[in-house]
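The values are calculated or read from the model by the stated rules, or taken from the named source; none is laboratory data. Since this is a predicted model, take the numbers as computed values, not measurements. Positions of Cβ are generated from backbone atoms using ideal geometry, with glycine treated the same way; all protein chains shown enter the neighbour counts. In case anyone asks, the SASA skips ligands and DNA or RNA and just uses the protein heavy atoms, side chains included. Shrake-Rupley method; radii C 1.70, N 1.55, O 1.52, S 1.80 Å.
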Amino acid sequence: AALTDRLRSQVSAALKEGRVAPTELCQRCLALIKSTKFLNAYITVAEETALKQAEESEERYKRGQPLGILDGIPIAVKDNFNTAGIETTCASNMLKGYISPYNATVVQKLLDQGAVLLGKTNLDEFAMGSGSTDGVFGPVRNPWSYSKQYKEKCVPKSHSEDEDSDWVITGGSSGGSAAAVSSFTCFAALGSDTGGSTRNPAAHCGVVGLKPTYGLISRHGLIPLVNSMDVPGILTRCVDDAAVLLGSLAGHDPKDSTTIQDDFKPFELPNLTDISKLSIGIPKEYNAPGLSSEILALWSKAANLFKNAGAKVVEVSLPHTRYSIVCYHVLCTAEVASNMARFDGLEYGHRSDTKDSTESMYAATRREGFNDVVRGRILSGNYFLLKQNYEKYFVKAQKVRRLIANDFVKVFRSGVDILLTPTTLSDAAPYTEFIQEDNRTRSAQDDILTQAANMAGLPAINIPTALSERGLPVGLQFIGRSFQEKQLLTVAKWFEKQVQFPVIQLEEVKRHDSGVFQHQKSASFS
């Protein structure tokens, strides 16, 4: 039952009181990783390192000197964060075998507080995608595909096809991290969020996914996709745990000039009882083409929940939202083209055996190292950055980005505290259906409700809200004011308490690991 407890009030307390040992907790998680290997959530499992860290944590507890709430807590990290001594691949042939000489700042902060690093999680290659299906290590399977809730609603085509074709995607690109948290193999995981890559899989996997304000958490050591939008994301099983992780990770980093200069003061979330002074904005533009009637109804129900509890609920307009996905595509590919230039086969990563010339070696290395998706984005970005296209596409997109950001500023200045929107257009798609469309088309559809928050640099969080008619998780998104994470998370916690999202019942794993899922509380450590 310890695997499904809350961090601060339950697991951390249990560790302090000696009711559970860090090594026991670590071994239990490692056993679960093995029994859920079919999910393909992890690329690398650092078993030896994790057990050593757990033993060190145990010694600290015995001395009565734990480093904090996170001491002895098993966590996972998306495989686009550098980790010293552990392979960092970005799910690409380009970085297969690459071992970083240093830790990303966020990883180092977790280790400094005694967290136990179980391993590196799967993703779309270089985090380019919205399904976690395009990495070189294969697609990630959504744990809910094997849940009792889904199995009861799902009618398989035939018994033989059931295992192979009826599973659904996790969303992406942080699908491995979301699946790891959802399947109880760790208590929290790091993702990255450029256009929704933490919130999207969080919605599909029924977990909390937080994208903090741009600059609140250091990007140093996060292999960049889009420098001006990338943010380390946090995936947990409840809002309180997300607040604990945020308090551990946020603050100035001298190695990242885009981080805030002020120190960040960690906070505990209050229990809201009176929301009468709260103003919730419902952006009409988020009723986007393709939004399922099921999610629309859930969105409306959530708005009424706030209204009936005394909050002011108002419809607002973000008029430039309809241009945001096109604007995002231009800016994203332009920065991708620039960032991917570092992978040339000279300093690290894959290097082609071609010896004809330096230029041919560059070309062959990049052809062999990158998949079609990455190469396609590089080509698009270089096209937008051509001298004759620069003003027409890149500069214009930057201007539109400013208009999008200003829309949010105006809405928040009008008195709105929090925006409530859907996170995704529908519940998770079956893998066989998802791969019918190309990556660019799917990403344009799946990022439509999330990427505007990245372009404006605002904090946003997915809260698992209900199960769809198919027995799959559906989430809603809350967007807050810049650097007002406490207010955002406080409101999200209130909403989480009202909706009482059900705990996943993993039938498939019960056979391997009976007893782990009997405890029906929200799974977390705070």
If you go through the range 87-97 one residue at a time, do you hit one that is open to solvent by 10 Å² or more (accessible area, probe 1.4 Å), at pLDDT 95 or above, more than 15 Å from the chain's Cα centre (by Cα) and on the phi > 0 side of the Ramachandran plot?
no
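Okay, residues lined up against (1) open to solvent by less than 10 Å² (accessible area, probe 1.4 Å); (2) at pLDDT below 95; (3) more than 21 Å from PHE38 (Cβ to Cβ):
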site	(1), (2), (3)
VAL107	yes, no, yes
THR121	yes, no, no
SER132	yes, no, no
ARG141	no, no, no
LYS151	no, yes, no
SER165	no, yes, no
VAL168	yes, no, no
Return the residues of the range 123-141 that are part of a loop (DSSP other than H, G, I, E, B) and more than 14 Å from the chain's Cα centre (by Cα); say none if nothing qualifies.
THR133, ASP134, GLY135, VAL136, PHE137, GLY138, PRO139
Considering only residues of the range 57-73 that are in contact (Cβ under 8 Å) with a residue 60 or more places away in the chain and open to solvent by 10 Å² or more (accessible area, probe 1.4 Å), which is farthest from ALA189 (Cα to Cα)?
GLY68
Identify all residues within the range 273-318 that are of a type outside the set (S, T, N, Q), open to solvent by 60 Å² or more (accessible area, probe 1.4 Å) and assigned to a loop (DSSP other than H, G, I, E, B); write none if there are none.
ASP274, LYS277, PRO289, GLY290
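Here are TYR393, TYR328, TYR383: which of them is over 15 Å from ARG440 (Cβ atoms) and hydroxyl-bearing (Ser, Thr, Tyr)?
Values: TYR328 fails: over 15 Å from ARG440 (Cβ atoms); TYR383 fails: over 15 Å from ARG440 (Cβ atoms).
When all the criteria are applied, what remains is TYR393.
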Looking at the range 214-245 only, could you name the residues that are over 14 Å from the mean Cα position of the chain (by Cα), of a type in the set (S, T, N, Q) and open to solvent by less than 10 Å² (accessible area, probe 1.4 Å)?
SER218
ARG322 versus (1) open to solvent by 30 Å² or more (accessible area, probe 1.4 Å); (2) more than 30 Å from LYS284 (Cβ to Cβ): which is the lone unmet condition?
(2)
Any residue at all in the range 351-370 that's basic (Lys, Arg), under 23 Å from PRO224 (Cα atoms) and part of a loop (DSSP other than H, G, I, E, B)?
yes
Being part of a loop (DSSP other than H, G, I, E, B) and out of contact with any helix residue (DSSP H, G or I) (no Cβ under 9 Å at 6 or more places or on another chain) is the filter here, so list the residues in the range 97-122 that pass it.
GLY97, TYR98, SER100, PRO101, ALA104
Among residues of the range 325-350 being farther than 27 Å from VAL395 by Cα, modelled with pLDDT under 95 and open to solvent by 10 Å² or more (accessible area, probe 1.4 Å), the residue nearest to the chain's Cα centre (by Cα) is GLY349
Hey, among TYR393, TYR383, which residue is open to solvent by 60 Å² or more (accessible area, probe 1.4 Å), closer than 30 Å to MET340 by Cβ, in contact with a Leu (Cβ under 9 Å, 6 or more places away or on another chain) and in a helix (DSSP H, G or I)?
TYR393
Just for the range 74-86: of the residues that are aliphatic (A, V, I, L, M) and buried (at least 16 other Cβ atoms within 10 Å of the Cβ), which one is farthest from ARG351 (Cα to Cα)?
ILE75
Please enumerate the residues belonging to the range 1-30 that are open to solvent by 40 Å² or more (accessible area, probe 1.4 Å) and modelled with pLDDT of 95 or more.
GLU24, GLN27, ARG28
Residues that are open to solvent by less than 30 Å² (accessible area, probe 1.4 Å), at pLDDT 95 or above and more than 30 Å from GLY376 (Cα to Cα): list the helices (runs of 4 or more DSSP H) wholly contained in the range 417-526 that include at least 1 such residues.
485-499
Tell me the residue from ALA31, ALA54, ALA76, ALA14 that is assigned to a helix (DSSP H, G or I), touching a residue at least 24 places away in the same chain (Cβ under 8 Å) and in contact with a helix residue (DSSP H, G or I) (Cβ under 8 Å, 6 or more places away or on another chain), please.
ALA54
Return only the number of the condition from (1) among the hydrophobic types (A, V, I, L, M, F, W, C); (2) in contact with a Phe, Trp or Tyr (Cβ under 8 Å, 6 or more places away or on another chain); (3) within 18 Å of ARG199 (Cβ to Cβ) that VAL499 does not satisfy.
(2)
Return a yes/no flag: does the range 256-267 have any residue that is closer than 30 Å to ARG322 by Cβ, modelled with pLDDT of 95 or more and open to solvent by less than 70 Å² (accessible area, probe 1.4 Å).
yes
